[in-house]
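K.L.:
A single structure is presented below for examination.
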Amino acid sequence: MFLKTRSVSSFLLEFKTIFTSNTNPEINLQTRAISSLKVVWRKDQNLDQAIEKDKKYKLCARVVKEVLNEPGQVIPLRYLEKRRERLRLNVKIKTFLNQNPGLFDVYYDRIKPKTEPVQFVRISDRLKQFLEEENRIVEENEPLIVSKLCKLLMMSKDRVISADKLVHVKREFGFPNDFMVNFVPKYSQYFRLVGSPGEGKSFLELVSWNPDFAKAVIEQRAEEESKLTGIRTRPNFHYKLPSGFFLKKEMREWVRDWMELDYISPYEDVSHLDQASPLMEKRTVGVFHELLSLSLYKRVPVPILGKFSEEYRFSNAFSSVFTRHSGIFYMSLKGGIKTAVLREAYRDDELIDRDPLLEIKDKFVEKLEEGWRERAEQLRLQREGINKDMEMMAIKSE
């Protein structure tokens, strides 16, 4: 049987006659080992397209970051050319610069005194304007960044995470490049940095617990619905199967019983729970839901999530969660990288649950599009010039 796009509640009604109302869902779940439940992966073209659309922007952003990280924010063009593979750039740097005008200026200088001048790359005035706007947006959203960082620590087992791991995921969550050096010390009431980032033995600790941050997106949503309707809404996951998706009967029954279990906040202490229990599965899904909700694009590469297995108590086979709960998550294989996507954050291929920090991306894309329009106009004028020359030559040859 193939199911159209629908919520889990619709097929709960469908199977109402099969299961009595006094059935204990936890008992039913215990009779089926979680590891034995298999769901066939199915491609979601819309969510894959959402990832594909951002490729060009992310490529340009990587090259910009590479130049910004250089001393004086300049680099010899030939040095940048040697880093193409690391930057995952499939064209030569000169071609890239021609395709994306306005990001950089190319000029001649000497690498060492008495050497021949070579081409250097530096950021353009247009890019400097963007960097000023980026600083403004980050400053305006500092409270959001503080809450995100606190939440990541509050969900962790010991309220402490490797500083190097957090630096590695800064772009996923929208943290500033220098957040460990300039941002963390500014909020010493929340954070304590032990050791030096980059040495492999540094950690960020949570200093104080803010109860305002210890509320998951799902709990906030339930509270908002309760206020609107005047009826207490039970916190739970938004479960929606994609069109044409197939679940076997046993899996539908398991999902139904699992959804009936109480929601477990990712901020609760669950040290008493059995790692293989359905309740721990509920908590694990809650952690992934919260992590993806805190991310900029409501999606994170699975290998990056795997780096936090110890801190968040993920099992070795944690990635199976994303296919087992296909009504909540989608695991994309786009680009040969497994990426966990939060379904409810998207409508078709459009991200509808937008993070305020995405204004930075919007401003950057504006600068890119300005350059692309200028290049298109230059190419148009060149074509017109060539056509006129050909017309003149044809007239002379008559």
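The values are calculated or read from the model by the stated rules, or taken from the named source; none is laboratory data. If you're wondering where the values come from, they're calculated on a predicted model, not measured in any experiment. Cβ: placed from backbone, ideal geometry, glycine included. Neighbour counts: every protein chain shown. Areas reflect the complete protein model, heavy atoms only, side chains present, ligands, DNA and RNA absent. Shrake-Rupley method; radii C 1.70, N 1.55, O 1.52, S 1.80 Å.
K.L.:
Any idea which of Ile337, Ile395, Ile352 is of a type in the set (A, V, I, L, M, F, W, C) and either touching a Cys at 6+ places or on another chain (Cβ under 9 Å) or touching a residue at least 12 places away in the same chain (Cβ under 8 Å) (or both)?
P.N.:
On the way: Ile395 fails: either touching a Cys at 6+ places or on another chain (Cβ under 9 Å) or touching a residue at least 12 places away in the same chain (Cβ under 8 Å) (or both); Ile352 fails: either touching a Cys at 6+ places or on another chain (Cβ under 9 Å) or touching a residue at least 12 places away in the same chain (Cβ under 8 Å) (or both).
The match here is Ile337.
K.L.:
So, one more: Starting from residues that are among the aromatic types (Phe, Trp, Tyr) and open to solvent by 10 Å² or more (accessible area, probe 1.4 Å), keep the ones in the range 303-345 and report whichever is farthest from Met259 (Cα to Cα).
P.N.:
In this case the residue turns out to be Phe308.
K.L.:
Among Asp257, Asp262, which is the only one that is part of a helix (DSSP H, G or I) and more than 21 Å from the chain's Cα centre (by Cα)?
P.N.:
One residue alone meets the criteria, Asp257.
K.L.:
Condition first: part of a loop (DSSP other than H, G, I, E, B) and either among the acidic types (Asp, Glu) or under 14 Å from His325 (Cα atoms) (or both). Now tell me which residues in the range 39-52 satisfy that. Spell out how you get there, then give the answer.
P.N.:
Taking the range 39-52 first, the residues part of a loop (DSSP other than H, G, I, E, B) are 39-44.
Result: Val39, Val40, Trp41, Arg42, Asp44.
K.L.:
From the residues in the range 82-114 that are hydrophobic (A, V, I, L, M, F, W, C) and open to solvent by less than 60 Å² (accessible area, probe 1.4 Å), which one is nearest to the chain's Cα centre (by Cα)?
P.N.:
Once the filter is applied, the top-ranked residue is Leu87.
K.L.:
Let me ask something additional. Would you confirm, using the coordinates I've provided, whether Asn210 is in a loop (DSSP other than H, G, I, E, B) and either modelled with pLDDT under 90 or in contact with a Lys or Arg (Cβ under 8 Å, 6 or more places away or on another chain) (or both)?
P.N.:
It is false that Asn210 is in a loop (DSSP other than H, G, I, E, B) and either modelled with pLDDT under 90 or in contact with a Lys or Arg (Cβ under 8 Å, 6 or more places away or on another chain) (or both).
K.L.:
Considering only residues of the range 181-234 that are under 24 Å from the mean Cα position of the chain (by Cα) and charged (D, E, K, R), which is most open to solvent (accessible area, probe 1.4 Å)?
P.N.:
If we take residues in the range 181-234 being under 24 Å from the mean Cα position of the chain (by Cα) and charged (D, E, K, R), then Asp212 is most open to solvent (accessible area, probe 1.4 Å).
K.L.:
Restricting to the range 132-143, what's the tally of residues that are over 30 Å from Lys94 (Cα atoms) and in contact with a helix residue (DSSP H, G or I) (Cβ under 6 Å, 6 or more places away or on another chain)? Give the derivation first.
P.N.:
Of the residues in the range 132-143, the ones over 30 Å from Lys94 (Cα atoms) are 136-143.
Pick out the ones that are also in contact with a helix residue (DSSP H, G or I) (Cβ under 6 Å, 6 or more places away or on another chain) and you get 137, 141.
So the answer is 2.
K.L.:
In the range 115-125, how many are under 13 Å from Gln73 (Cα atoms) and open to solvent by 60 Å² or more (accessible area, probe 1.4 Å)? Quick ask: steps written out before the conclusion?
P.N.:
So the first thing to find is which residues in the range 115-125 are under 13 Å from Gln73 (Cα atoms), and the list is 120-125.
The next check asks that each one be open to solvent by 60 Å² or more (accessible area, probe 1.4 Å); those that pass are 122, 125.
Number of matching residues: 2.
K.L.:
Just the residues that are of a type outside the set (Asp, Glu), in a helix (DSSP H, G or I) and either farther than 26 Å from Ser271 by Cβ or free of Cβ contacts under 8 Å to residues at least 24 places away in the same chain (or both), please, taken from the range 149-192.
P.N.:
Of the residues in the range 149-192, the ones of a type outside the set (Asp, Glu) are 149-157, 159-163, 165-171, 173-177, 179-192.
With in a helix (DSSP H, G or I) added as a condition, the list becomes 149-155, 163, 165-168, 170-171, 173, 179-183, 185-187.
Within the range 149-192, Val167, His168, Lys170, Arg171, Phe179, Met180, Val181, Asn182, Phe183, Pro185, Lys186, Tyr187 qualify.
K.L.:
Scan the range 131-154 and give yes if some residue there is over 23 Å from Lys361 (Cα atoms) and among the hydroxyl-bearing types (Ser, Thr, Tyr), otherwise no.
P.N.:
no
K.L.:
So Gln129 clears everything in (1) open to solvent by 50 Å² or more (accessible area, probe 1.4 Å); (2) within 21 Å of Ile93 (Cα to Cα); (3) assigned to a helix (DSSP H, G or I) except one condition, right? Which one?
P.N.:
It fails just one condition, (2).
K.L.:
Looking at this structure, is Val146 under 18 Å from the mean Cα position of the chain (by Cα), free of Cβ contacts under 8 Å to residues at least 40 places away in the same chain and either part of a helix (DSSP H, G or I) or crowded, with 17+ Cβ neighbours inside 10 Å (or both)?
P.N.:
Here the answer is no, as Val146 does not meet what is asked.
K.L.:
Now for a separate question. Within the range 367-377, take every residue that is open to solvent by 60 Å² or more (accessible area, probe 1.4 Å) and free of Cβ contacts under 8 Å to residues at least 40 places away in the same chain and give me the one that is nearest to the chain's Cα centre (by Cα).
P.N.:
Across the range 367-377, the extreme among qualifying residues is Glu369.
K.L.:
Oh, and also: Only one residue in Glu281, Glu250 is surrounded by fewer than 20 Cβ atoms within 10 Å (Cβ to Cβ), within 19 Å of Ser320 (Cα to Cα), of a type in the set (D, E, K, R) and in contact (Cβ under 8 Å) with a residue 60 or more places away in the chain, so which one is that? So that I can check it myself, show each step before the final result.
P.N.:
Working: Glu281 fails: surrounded by fewer than 20 Cβ atoms within 10 Å (Cβ to Cβ).
Unique residue meeting the criteria: Glu250.
K.L.:
Output the residues belonging to the range 267-281 that are within 21 Å of Asn236 (Cα to Cα) and of a type in the set (Gly, Ala, Ser).
P.N.:
Ala276, Ser277
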